[in-house]
Every structure is written in structure tokens, then in C-alpha cells.
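> Have a look at the structure that comes next, please.
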Amino acid sequence: MDLGDRYSRLCILDGATGEVVEEGRIATTEAALRRRFESVERMRIAIEVGTHSPWVSRLLSECGHEVIVANPRKVRLIYKNRKEERRDRRDVPGAVGAHRPALLAPIHHRGQEAQKNLAMLRGRDALVKSRAQLINHVRGAVKATGKRLPRWGSEAFARKATGALPPELVTALGPVIEVIASLTAQIRTCERALEVLAEAYPETLLLRQVKGVGPITSLAFVLTLEDPTRFAKSRAVGPYLGLVPAQRDSGESKPQLRISKEGDAFLRRLLVGSAQYILGPSARTATCDVTV
């Protein structure tokens with residue numbers, strides 16, 4: 001099943017022979033998918049990771065089907081190795097999933113509650129990025145007139161910049177300052193909600209004992225990993241988040257490269273920020289030993 005934003009493509013195969021039984025398309029909506037799959041015999045359905053795969057996989061599982069969410073990297077490898085068959089790319093997950101699902105390296109989406117809470121974290125992050133972009137715009141516009149704004153913090157920027165703009169830019173930048181002030185208020189609201197949410201996860205309290213790790217970083221860590229038992233060893237978390245050096249093997253040469261940067265970029269950025277805080281000037285006042 002190839003998921004699209006409005007419509008998804010179906011290719012149903014016979015489990016015994018592998019022959020195509022049905023091909024078509026279906027609207028990518030909850031109502032359409034329930035009508036199609038709720039009253040049919042149990043199927044093994046292969047889909048690829050994407051925007052719609054979390055809720056679609058949950059819905060199809062509720063309908064009683066076995067759902068395989070394929071790793072897109074593995075699907076591309078399989079497709080490249082099957083060029084001689086001239087098979088349409090959309091058929092590959094279903095064809096392989098029907099007979100050898102392990103080749104798709106199935107992944108498991110996090111639960112609906114964790115996904116909802118992560119959306120709060122990412123929403124706050126989007127607001128912070130938007131504010132930073134607008135602040136940089138204001139600073140750049142002022143520099144173009146030969147003047148320069150002091151280095152205020154983001155929280156206080158809107159309040160202090162209002163009376164510090166050059167007279168000729170008040171009309172142009174006044175509305176931007178108002179938007180920055182509104183974003184700052186919204187960010188504060190999000191952060192208060194996230195602090196309350198963090199209290200529902202006792203694990204975050206342990207993580208926050210490390211100086212430099214606050215409610216946002218600890219909550220993102222807990223929600224992203226969700227089930228720590230899926231990691232055989234704690235050392236596996238580093239590679240999972242792309243925080244270990246990559247390595248190139250070429251004969252006897254095995255040079256160590258930069259970190260792989262695989263996995264969740266949002267959490268990796270938060271962890272790197274915490275590490276920089278810990279290893280920076282604040283390290284002199286740290287109350288505990290931390291190995292990064």
C-alpha cells in the first residue's frame with residue numbers, strides 16, 4: 001500500500017502464489033480505509049514510513065490486520081536490486097512484505113499519546129525558530145541603516161527594541177516587533193504546559209538532576225525513546241540518535257568520521273545543547289559528574 005496525501009495506491013497479492021489479485025486506489029481518509037478493510041479477512045499489509053503511516057498503521061491494526069511499516073532505506077535497496085524485473089516502485093513493499101517481511105526491516109511507530117506530546121514539543125520548537133528568524137530580520141534591517149541594536153536576550157527583545165528602533169524604520173518594523181512579542185507570549189504558555197506534562201513522566205525528574213538538562217530536553221528524551229526495553233544495552237541509544245562517529249572501512253584503513261547524525265534530529269540538537277552547557281563555563285559550578 002503506497003500512502004499518498006489524498007489517495008493511496010493498493011496492490012493486493014495472493015499469499016500463496018504472489019499473483020496480483022487487485023489493483024486500485026483509495027482515499028487516504030479514516031472513513032475510506034475503515035470501509036475497505038474493516039470487514040475483510042485478515043491481511044498482511046505493508047506500508048512505507050511517511051507522514052500518514054502512524055495513524056494508518058494504528059487504524060489497520062484496529063481492523064484486525066497485520067501491519068508492516070517498512071524502513072524506506074531498505075525498500076530503496078530492494079528496488080535497486082530488482083531493476084531487471086521492471087517492477088513499479090509502489091509494488092515493492094507489498095510484494096516483499098507478503099513473502100519475506102524481514103527484508104523490509106519493519107519499524108514500530110510510537111504510541112498515540114507519545115506522538116501527541118511530542119507534537120507539543122515540536123510546536124514550541126517551531127515558535128522559537130520563527131521568533132529567532134524575525135529577531136534576525138529586525139537586527140539586519142537596523143544594521144542596514146548604519147546603526148546596531150544591543151545584544152538583548154530573545155525574551156526581552158520585543159520589549160526593549162520597541163523604543164530603540166531608528167525613526168525611519170518604526171513603520172516597517174513595528175508590526176514585526178508586535179509579532180515577536182506575541183510569539184514570546186505563546187512560547188511561555190507552551191513551556192508552562194510542558195513543565196506540567198513533564199511531571200506525568202517520573203523519568204524526567206531523574207534526567208533533570210543533571211545540570212543543564214531541563215524539562216524540555218528530558219521530556220523529549222523520554223518520549224522519543226518511549227520504551228527503553230527495546231534497546232539491548234544503554235550504549236545502543238547513542239547510535240540510535242546519531243551521536244557516535246561514523247566509520248568508513250576501506251581495506252585496512254578504518255578512519256573515524258564525524259557523528260553519523262542518524263535518527264531524531266530534534267532530540268539530538270537538544271542533547272548537544274545540554275552537553276555544550278555542561279562542558280561550558282557552567283561546568284565549574286556543576287554539582288555532579290557527567291560523561292558525554
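The values are calculated or read from the model by the stated rules, or taken from the named source; none is laboratory data. Since the structure is predicted, the reported quantities are computational estimates derived from the model, not experimental observations. Virtual Cβ from ideal backbone geometry, glycine too; neighbours counted across all protein chains shown.
> Answer yes if at least one residue in the stretch 55-64 is modelled with pLDDT of 90 or more, closer than 24 Å to Pro228 by Cα and over 20 Å from the mean Cα position of the chain (by Cα), and no otherwise. Before you say what the answer is, go through the steps one by one.
Just the residues of the stretch 55-64 that are modelled with pLDDT of 90 or more, to begin with: 55-64.
When the remaining residues are screened for being closer than 24 Å to Pro228 by Cα, the result is 55, 57-58, 61.
From the residues that got through so far, the ones that are over 20 Å from the mean Cα position of the chain (by Cα) too are 61.
Taking every residue of the stretch 55-64 in turn, at least one turns out to be modelled with pLDDT of 90 or more, closer than 24 Å to Pro228 by Cα and over 20 Å from the mean Cα position of the chain (by Cα).
> Now, a different point. Under 8 Å between Cβ atoms, at least 6 apart or on separate chains: pull out the pairs that start in the stretch 21-44 with a residue that is in a strand (DSSP E or B) and end on any residue that is among the polar types (S, T, N, Q).
Filtered contacts from the stretch 21-44: Arg25/Ser8; Ile26/Ser8; Ala27/Ser8.
> Say we look at the stretch 201-235 and pick out the residues that are of a type in the set (A, V, I, L, M) and under 19 Å from the mean Cα position of the chain (by Cα); which of these is nearest to Gly263 (Cα to Cα)?
Let us first name the residues in the stretch 201-235 that are of a type in the set (A, V, I, L, M), namely 205-207, 210, 213, 216, 219-220, 222-223, 225, 232.
With the extra rule that they be under 19 Å from the mean Cα position of the chain (by Cα), the set shrinks to 216, 219-220, 222-223, 225.
Values: Ile216: 18, Leu219: 17, Ala220: 13, Val222: 15, Leu223: 14, Leu225: 11 Å.
Per the stated criteria, the residue is Leu225.
> Return the residue satisfying two criteria in turn: it lies in the stretch 86-128 and is at pLDDT 65 or above and among the β-branched types (Val, Ile, Thr), and of such residues it is surrounded by the most Cβ atoms within 10 Å (Cβ to Cβ).
Val128
> Related question: Counting only residues that are touching a residue at least 24 places away in the same chain (Cβ under 8 Å) and either assigned to a helix (DSSP H, G or I) or assigned by TED's automatic domain parsing to the domain that holds Asp264 (or both), which one in the stretch 193-209 is nearest to Asp125 (Cα to Cα)? Spell out how you get there, then give the answer.
Going through the stretch 193-209, the residues touching a residue at least 24 places away in the same chain (Cβ under 8 Å) turn out to be 193-194, 197, 209.
Keeping just the survivors that are either assigned to a helix (DSSP H, G or I) or assigned by TED's automatic domain parsing to the domain that holds Asp264 (or both) gives 193-194, 197.
Details: Ala193: 14, Leu194: 12, Leu197: 16 Å.
Looking at residues that are touching a residue at least 24 places away in the same chain (Cβ under 8 Å) and either assigned to a helix (DSSP H, G or I) or assigned by TED's automatic domain parsing to the domain that holds Asp264 (or both), I get Leu194.
> Which residues, taken from the stretch 259-275, are surrounded by fewer than 17 Cβ atoms within 10 Å (Cβ to Cβ) and within 11 Å of the chain's Cα centre (by Cα)? Please lay out each step first, then the result.
The first filter runs over the stretch 259-275 and keeps only residues surrounded by fewer than 17 Cβ atoms within 10 Å (Cβ to Cβ), leaving 259-263, 265-266, 269, 272-273, 275.
Within the stretch 259-275, Gly263, Ala265, Phe266 meet the criteria.
> Sticking with this structure for a sec: Consider Ala158 carefully, then state whether it is of a type in the set (A, V, I, L, M, F, W, C), outside the structural domain of Val128 (by TED's automatic domain parsing), under 20 Å from Ala126 (Cβ atoms) and assigned to a helix (DSSP H, G or I). So that I can check it myself, show each step before the final result.
Details: of a type in the set (A, V, I, L, M, F, W, C): yes; outside the structural domain of Val128 (by TED's automatic domain parsing): no; under 20 Å from Ala126 (Cβ atoms): yes; assigned to a helix (DSSP H, G or I): yes.
Here the answer is no, as Ala158 does not meet what is asked.
> Could you grab me the full set of residues in the stretch 210-227 that are in a loop (DSSP other than H, G, I, E, B), in contact with a Phe, Trp or Tyr (Cβ under 9 Å, 6 or more places away or on another chain) and β-branched (Val, Ile, Thr)? Full working, then the answer.
Taking the stretch 210-227 and keeping what is in a loop (DSSP other than H, G, I, E, B), we get 210-214, 226-227.
If we keep only those that are in contact with a Phe, Trp or Tyr (Cβ under 9 Å, 6 or more places away or on another chain) as well, we get 211-213.
Listed by number, the list holds a single entry, Val213.
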